[in-house]
Amino acid sequence: MTNVILKTGGTENPFIDKMDVKIEQSWKDALAPEFGKPYFEQLVRFLHQEKAAGKVIYPRGSRIFHAFELTPIEQVKVVILGQDPYHGPGQAMGLSFSVPNGVPAPPSLQNIFREVETDLGVRMSGATSLEPWARQGVLLLNSVLTVEAGHPTSHSGIGWQQFTDAVISTLSERRSGLVFLLWGRFAQQKQELIDRQKHHILLAAHPSPLARGAFFGCRHFSQTNDILTREGLSPIDWQL
């Protein structure tokens, strides 16, 4: 991470001034109150301390808020919630379930692609980056935004979940007609943050192989497009 200053709502945030981060302006404005709260100050101090101690943190600083950079708040149509970033080298890119093109798809991503193919009757190209989804309005949000290399869920208790809960609540309050895809027990616990009178929630098992195939047949991709069409929005082109 290189030394830059992240400005939130036009004001320099002293707790993030050593993190090479980017976050799109509409999200900066919407989330500005969170950046000054004690839990967030402690979170960033922790990351600075870990970096100073020589720890490797994924994703790199410029990708921590990559999901927000690609999908401004007013462009969000769909939310896919993951848990925490991949902890292997070259995998995490700030988008839930996604890895850069050229990196082999992890098992959960393979299962997601398999369901897309079965649900929509298409063939995926072998691309593994989900950036095209994000640019169409799919917010690929992890509940935890960083992880120590080689140590899954290592940053699950440092404050990120409070921050991303605020993201979900903000979307629920400010927007309407969004489709939330909640896969697995962890994601489904976030239902209480979403106003069901305003939004659509689709539930399924997690795409991990540990779910023993229970994810297959959920048909969330066609269902999402049906909902978006009814809402007067353009459907997502899920084929990569």
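The values are calculated or read from the model by the stated rules, or taken from the named source; none is laboratory data. Predicted model, so just to flag it, every value in this text is computed and none were measured. Side chains included, ligands, DNA and RNA excluded: accessible areas come from the protein's heavy atoms. Shrake-Rupley method; radii C 1.70, N 1.55, O 1.52, S 1.80 Å.
For the reader, a short list of remarks on this structure follows.
- For region 180-187, backbone phi angles converted through the Karplus equation (6.51, -1.76, 1.60; θ = phi - 60°) give residue-by-residue couplings of 9, 9, 10, 10, x, 4, 4, 5 Hz, Gly and Pro being listed as x.
- Solvent-accessible ranking of Arg60, Arg45, largest area first, probe 1.4 Å: Arg60, Arg45
- The angle between the Cα long axis of helix 38-52 and the main principal axis of the chain comes to about 80°, on a 0 to 90 degree scale.
- Contact order for region 97-161, expressed relative to its length and based on alpha carbon pairs under 8 Å spaced 6+ residues apart, stands at 29 percent.
- Ile57 long-range amide H proximity, modeled H, under 5 Å: Ala149
- Three semi-axes describe the equivalent ellipsoid of region 103-240; taken as square roots of 5 times the Cα gyration tensor eigenvalues and ordered largest first, they are 23, 22, 14 Å.
- Fraction of accessible area attributable to carbon and sulfur, the chain (%, probe 1.4 Å): 47 percent
- Area of His151 that stays accessible when all protein chains are in place (1.4 Å probe, Å², to 10): 90 Å²
- Accessible surface, the chain, averaged per residue in Å² (probe 1.4 Å): 45 Å²
- In region 26-86, lysine pairs closer than 27 Å at Cα, eight or more apart or cross-chain: 5
- From its DSSP helices (H runs of at least four residues, each -39,500 (n - 2.57)), the chain gives a residue-normalised ellipticity at 222 nm of -10000 deg cm²/dmol.
- The listed residues Met93, Met124, once ranked by accessible area (1.4 Å probe) with the largest placed first, stand as Met124, Met93.
- For Gly82, residues with placed amide H under 5 Å, excluding near neighbours: Leu141, Asn142, Ser143
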